[in-house]
Every structure is written in structure tokens, then in C-alpha cells.
Amino acid sequence: MKVTLERLPESRVQLDIEVDDERLEKSLDSAYKRLAQKARIPGFRPGKAPRHMIERAYGREGLIREALDRLVPDVYNETIEQEDVPAIAQPELEILELEPVRFKATVAVRPTIDLGDYRSIRVERQPVEVTDEQVEETVMTLRRRFAERETVERPAAHGDVLTVDVEGVIKGQPAEGDTEETFDEPFVQDTDAEFQLKEGQDLLVPGLAEAFVGMSAGDVKTVDITIPDDFRVERFQGKPASFTLTVKLVEEEKLPEEDDELAAKVNADDFKSFADVRARIREDIEKALVEQEDTRVRNEAIDKLLEIATLDFPRVMVEREIDHMVSDAMGNDRQQYAAYLSRIGRSEEEFRETWREAAELRVRRALILGELGEKEGIDPTEADVEAELDRIAAPMGEEASRFRELFMTPDGIATIRRNLLSQQTLERLSAIVAGNGDDNTVAGATEAAATNDDLGENVPTTEEERA
Amino acid sequence: MPKELHPYGVLLRPIITEKSTLLTGLDKYVFEVDVRANKNQIKDAVQLAFNVRVAEVNTMKMKGKPKRFGRRVTNRPDWKKAIVTLVPGDKIELFEGI
């Protein structure tokens with residue numbers, strides 16, 4: 001067997017294989033037997049015709065072709081094994097010659113990943129700071145949520161909640177020869193619409209909201225407004241419109257005071273005073289910001305990782321990822337998928353193409369993080385899985401034990417392990433870019449966090465991280 | 001009285017079937033021959049055509065099979081089959097194909 005092996009880009013290998021005569025002869029023999037079974041030659045029962053009769057009927061070439069059906073895959077598989085080719089997909093086979101039999105096999109192989117000097121990657125954490133404004137804003141939102149409304153008999157002002165009827169028409173343009181009648185076209189009709197008047201607010205068209213300012217309950221008013229040119233319905237753009245506004249109810253919003261009473265309303269168990277609420281709000285915002293920063297650092301780290309790493313991966317991996325993404329987005333209903341394609345007027349190829357870039361990035365990230373996990377020896381222990389199970393089940397209360405059982409299947413555990421693996425890998429990555437990646441001993445989530453605490457670095461572990 | 005029959009007109013076609021292939025192993029070759037040919041003529045014709053030595057010739061007359069055309073029944077022509085045994089070691093290439 002003469003084999004030439006050549007590496008192609010996109011992580012493919014091309015094999016040029018020439019089959020030994022001896023090997024060919026053996027497979028011709030079995031090809032003859034197969035062919036004889038179905039050959040109908042006058043004077044012979046099927047399967048009884050001698051080889052030379054078969055060869056005369058089909059020609060030597062025909063016999064060889066029959067032999068190839070089995071010979072080529074067999075030889076290919078042997079070669080793959082012999083040459084240690086880490087194939088990950090079905091090969092493309094091309095017959096070059098029949099005598100001697102020579103064929104070309106092109107197959108995607110396991111991607112090659114070189115992470116480069118990934119341990120030198122550093123990403124600087126931005127300090128997290130909660131401003132008073134942010135706290136105030138949240139406090140206001142909270143007060144609004146507990147606001148009470150009181151009907152008032154005074155002109156509406158900003159901040160009031162109004163219940164109104166709005167009827168708008170586009171003023172018709174009588175065409176030549178038409179009578180004086182106007183051709184008003186209904187534009188909007190809304191009854192009992194409730195909204196809060198706010199400064200600089202746009203309601204359908206600019207200026208409409210402002211028109212309500214100063215109206216009291218029971219007032220009716222007509223305003224003329226020209227529909228702006230950037231209105232979303234094209235045929236209305238630039239047309240003059242007339243709105244009839246009826247105010248039915250003006251309510252003032254009474255914001256509750258920032259006192260312990262409000263604190264009790266929010267959650268009597270948790271908060272003794274409003275200062276507690278404030279503290280919690282600040283805490284929550286900080287937590288969210290820290291998490292945001294975590295994500296940013298992590299994403300930047302991954303970007304840098306992608307930058308210095310050298311990757312060579314086969315196209316099929318991207319294709320498979322596109323398959324996944326498409327079926328995630330479209331579900332498994334082929335018919336619906338086809339209907340959707342025809343609605344957006346694209347062929348399946350074009351549609352898939354729109355996913356390609358994202359799919360490629362996902363493949364790259366997955367490959368790189370997988371390699372990183374391997375390099376760093378990250379391997380979730382049984383105890384980790386147990387802990388994770390407890391964590392997932394904890395909020396289930398009484399159902400917890402039943403819930404646990406649901407996950408105690410080999411599949412469920414595998415899923416949890418996989419999630420843990422990527423989670424721990426990302427945590428390790430965070431540690432590395434913070435300059436704490438040097439202890440190569442363990443890769444547990446808790447350990448990573450503990451190390452960070454020891455050094456006084458603020459690298460909290462994010463709870464949720466999906467692969 | 002031997003009839004006027006040219007040696008080239010004696011052998012009509014080789015019979016190649018499962019059975020005849022089996023006989024090849026015993027140095028026997030089967031032909032359809034002219035019904036008028038006798039064993040001697042067949043022997044001469046085979047020796048001439050294939051340049052082999054013939055040890056023995058057996059012949060038989062095959063009755064033509066009745067064939068039906070609609071309502072009419074007719075007979076296929078009768079023919080003569082000859083099994084020619086060669087001197088051991090001699091071969092007729094024709095039967096081997098190629």
C-alpha cells in the first residue's frame with residue numbers, strides 16, 4: 001500500500017492511496033461472488049456462473065468497480081488507523097485510477113489548537129463604583145412602584161397620570177373636481193388610554209403629549225399636527241393631521257415618603273428602616289456592576305485568547321454549528337422552516353450563510369476554551385458535581401430531592417459536568433488574566449475564588465455561566 | 001455414404017452452460033453441430049479448428065421444443081449436440097473466455 005499524506009488548510013488531510021495488487025485480487029474475488037449472485041447469464045443459475053463468464057459479461061473494469069464499493073472504504077479505514085489520522089468526519093473519496101487502484105481521500109481531522117502564551121494575558125479590572133445618582137434612580141423607581149394616585153380637579157401637569165380619548169385623522173386633500181367634502185382618513189382612535197405625562201415625551205407624534213399639559217378632566221381640545229417625515233408608516237409622512245383630545249381623568253401621583261413604613265411595605269422581614277433598603281439597593285447595584293465587569297473582563301480575555309491562539313479547524317465543524325443554530329432558532333419543523341424561508345425570500349444556503357460568522361466564532365471559542373480546560377487540567381470532581389446538584393436543587397424546597405433524582409441520570413450528570421467544566425475553565429481564565437493563574441494544583445471553583453480573596457483581589461465567581 | 005459437408009460447416013456454436021462448464025473439468029467440450037454431421041466429421045472439424053487431439057465423440061439428437069404462437073403450436077428445429085472428449089492435457093481456449 002503506497003500512501004502519500006498531505007495536510008490541507010482548514011484542518012484537512014488528503015491521502016493518496018494506491019492499493020496493492022494482492023489486495024485488489026482478494027477483493028475482486030469477493031466482488032465476483034457478489035456480482036455472480038445477481039448476474040443473470042443464460043445457461044447458468046444465478047451465483048453459479050464461473051468467474052471468467054462474469055468477467056466477460058461485465059468486463060474487468062466492471063468487476064473492479066464492484067470491488068471498489070467495499071475495497072475503498074476498507075482500505076481507507078485501514079490507512080486512517082495505520083497513519084494515525086485523527087479523522088472526525090466522513091471522507092470525500094475520489095477514484096483516480098483503476099489499475100492499479102489509486103484513490104484520493106480528503107477528510108477533516110481533529111483541529112489543531114495552539115493557545116500560544118496564554119498565561120501572559122492580562123486584563124485590567126476596572127474598579128466598580130456605585131454613584132449616588134444610580135441609587136437615587138432605583139429609589140425613585142421603587143417609590144413610583146408604591147405610589148398612590150389621587151384624582152385632582154386641576155390642569156394636568158408633568159408627572160400626572162391621564163386617562164384620555166384620542167381621535168386623530170389625516171386631513172384629506174380634495175382632488176380637483178371633487179366637492180368641498182374633506183377626505184379625512186382615520187389615523188388613530190384610542191379610548192380610555194392611560195399614560196403618564198413626562199417632560200420631553202413623545203406620544204405617537206411629537207407635540208401630541210405636550211398638548212395635554214394644562215387640560216383638566218372633562219376638557220376637549222383639537223390640535224393640528226403635521227406628521228413628521230420619519231413616521232413609520234410611509235403614506236402618512238408629512239401629512240397634516242388633526243387630533244381631538246378628550247381628557248377624562250387627571251390623577252396626581254403621590255410618591256410615598258422614604259420612611260420605615262415604605263421599607264416595611266417593600267419587605268417587612270428584610271428591612272427595619274429605609275436606610276436598610278438603601279443599603280440593599282447599593283449592594284445590589286454593586287453586585288450587578290461587578291458581574292458586568294466580570295463578564296467584560298472575561299469576554300476581553302477570550303478575545304485576547306482568540307487573538308494569540310492559532311487555530312486550524314475543519315469546515316464541517318462550522319457547518320454542524322450552523323445546523324445547531326438553525327434548529328435552535330427554527331425548531332425541528334422542516335415545513336415551517338421552508339415556509340419561513342420562502343417568506344423571507346431566501347434559499348436555504350443564503351439563510352445558513354447569515355449564520356456562518358457567528359457559528360465560526362462559537363466554534364473558535366468552544367475549541368479554545370476546551371483546549372484551555374485541558375491544558376489547565378480542569379476536571380470537575382464528584383464532589384463538585386454533588387455541590388452543583390445541591391445548588392440547583394436548593395431553590396426547589398420540598399421538591400429538592402425529587403428534582404435531584406431527575407438529574408441523577410448519566411445524561412444529567414454529564415450535562416452538569418460539562419457545565420461545570422466550562423464554568424471552571426472560565427473561572428480559571430479569569431484568574432489567569434488577573435495574574436493569579438500560577439497555582440496549577442486544583443481547578444475547583446471554590447479554590448479559585450479563595451485564592452483571589454487571599455490576594456485581596458476582587459474576582460467574584462459568577463453563579464451562572466453556560467457553555 | 002458421407003454427405004457433402006465442409007469441415008467448417010460442422011461446428012455451429014459452443015454450448016456454454018453450467019453443465020458444460022462442469023464437463024470442461026473432464027476434458028469434455030460441448031457443441032451444437034450440424035444434424036447431418038457424423039462423429040468422424042465432428043472429430044475432424046474440432047481437430048482442425050482448435051488444433052487439439054480428440055479422443056472420443058458422443059452425439060445425441062435433440063428434439064426441437066414445441067413453441068406456441070397464439071393458438072398455433074409449432075416445433076423448434078431438431079438439432080444435434082456433440083460432446084467431444086479431448087486427449088488429456090489438451091485444452092480449447094474458447095471455453096476459458098478471454
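The value obtained for region A:2-109, namely the Cα convex hull volume divided by the number of residues, is 93 Å³ per residue.
Pairing chains B and A buries close to 700 square angstrom of accessible surface in total, based on protein heavy atoms and a 1.4 angstrom probe. Phi angles across region A:306-311 convert, under the Karplus curve 6.51 cos²θ - 1.76 cosθ + 1.60 with θ = phi - 60°, into 3J(HN,Hα) values of 4, 5, 8, 7, 10, 10 Hz, Gly and Pro given as x.
Taking amide H atoms as placed 1.01 Å from N in the peptide plane, the amide H of residue A:237 has no partner under 5 Å among residues 5 or more positions away or on other chains.
Taken about its Cα centre, region B:1-76 carries a charge dipole of about 740 debye when Lys and Arg each add +1 at the Cβ and Asp and Glu each add -1 at the Cβ. Across the options B:74, A:37, A:201, the greatest Cα extent toward the positive end of the charge dipole of the protein assembly as shown (unit charges at beta carbon of Lys, Arg, Asp, Glu) belongs to B:74.
Over region A:149-254, the reciprocal of the mean inverse Cα-Cα separation, the Kirkwood hydrodynamic radius, stands at 14.7 Å. Can you give the angle from 0 to 90° between the axis of helix A:132-145 and the longest principal axis of chain A, with both taken from C-alpha atoms, to the nearest 10? So the inclination is approximately 80 degrees.
State the percent of C-alpha pairs, over all pairs in region A:330-384, separated by a distance greater than 12 angstrom. In whole percent, the long-distance tail amounts to 75. Solvent exposure of region A:79-162, expressed per residue, is 62 Å² of accessible area, with all protein chains present and a 1.4 angstrom probe. Given the pairs A:38/B:91; B:39/B:63; A:26/B:28, which span a C-alpha to C-alpha distance of over 27 angstrom in this model? Table pairs above 27 Å Cα-Cα are A:38/B:91; A:26/B:28. Using the Stokes-Einstein relation with a Kirkwood hydrodynamic radius computed over Cα pairs, the translational diffusion coefficient of the protein assembly as shown at 37 °C and a viscosity of 0.692 mPa s comes to 93 µm²/s. Hey, with R₀ at 56 Å, roughly what FRET efficiency would residue A:264 and residue A:90 work out to, going by the Cβ-Cβ distance, to 0.05? Taking R0 as 56 Å, the efficiency between residue A:264 and residue A:90 is 0.25.
Taken one residue at a time, the phi angles of region B:28-41 give Karplus couplings (6.51, -1.76, 1.60, θ = phi - 60°) of 10, 10, 10, 10, 8, 10, 4, 4, 7, 6, 9, 4, 5, 4 Hz. Gly and Pro are set to x. Helix A:410-433 versus the longest principal axis of chain A: what angle, 0 to 90°, nearest 10, using Cα atoms? Rounded to the nearest ten degrees, it is 70. Compare B:31, B:69, B:50 in a GNM of chain B, Cα atoms joined below 10 Å, and give the one with the largest fluctuation. Of B:31, B:69, B:50, the Gaussian network model singles out B:69 as fluctuating most.
Averaging the sequence gap over all C-alpha pairs within less than 8 Å and six or more residues apart, then dividing by the number of residues, gives region A:149-254 a relative contact order of 42 percent. Is region A:293-400 best put as rounded, prolate or oblate by its Cα gyration tensor, with a ≥ b ≥ c the root eigenvalues, rounded for a/c under 1.5, and otherwise prolate when a/b is larger than b/c, oblate when not? Verdict is oblate for region A:293-400. Against the main long axis of the alpha-carbon atoms of chain A, helix A:315-330 sits at an angle near 40°. Residue A:39's amide H: which non-local residues (gap 5+, or another chain) put their own amide H closer than 5 Å, with H modeled 1.01 Å from N in plane and none for Pro or chain starts? Amide H neighbours of residue A:39, under 5 Å, 5+ apart: A:47. Amide H contacts for residue B:57 (H built 1.01 Å from N in the peptide plane; partners 5 or more residues away or on another chain; cut-off under 5 Å): B:85.
Taking all protein chains together and a 1.4 Å probe, the residues A:61, A:129, A:25, A:55 rank A:129, A:61, A:25, A:55 from largest to smallest accessible area.
Which lysines have a Cα lying under 27 Å from the Cα of residue A:171, excluding residues fewer than 8 positions away in the same chain? Filter leaves A:221, A:239, A:248. Note on surface exposure: B:72, A:232 rank A:232, B:72 by accessible area, highest first, 1.4 Å probe. What you get for region A:389-428, charging only the Cβ of Lys and Arg (+1) and of Asp and Glu (-1), is a dipole of about 200 debye around the Cα centre.
Measuring only protein heavy atoms, the 1.4 Å probe finds residue A:234 accessible over about 150 Å².
Using the Karplus relation 6.51 cos²θ - 1.76 cosθ + 1.60 with θ = phi - 60°, the per-residue 3J(HN,Hα) values for region A:251-261 come to 10, 9, 8, 9, 6, x, 6, 7, 10, 5, 5 Hz, with x marking Gly and Pro.
The values are calculated or read from the model by the stated rules, or taken from the named source; none is laboratory data. All figures in this text were calculated on a predicted structure; none of them were measured in a lab. Cβ sites come from the backbone with ideal geometry, for glycine too, and all protein chains shown count toward neighbours. Please note that ligands, DNA and RNA were not included when accessible areas were found on the heavy atoms of the full protein model with its side chains. Shrake-Rupley method; radii C 1.70, N 1.55, O 1.52, S 1.80 Å.
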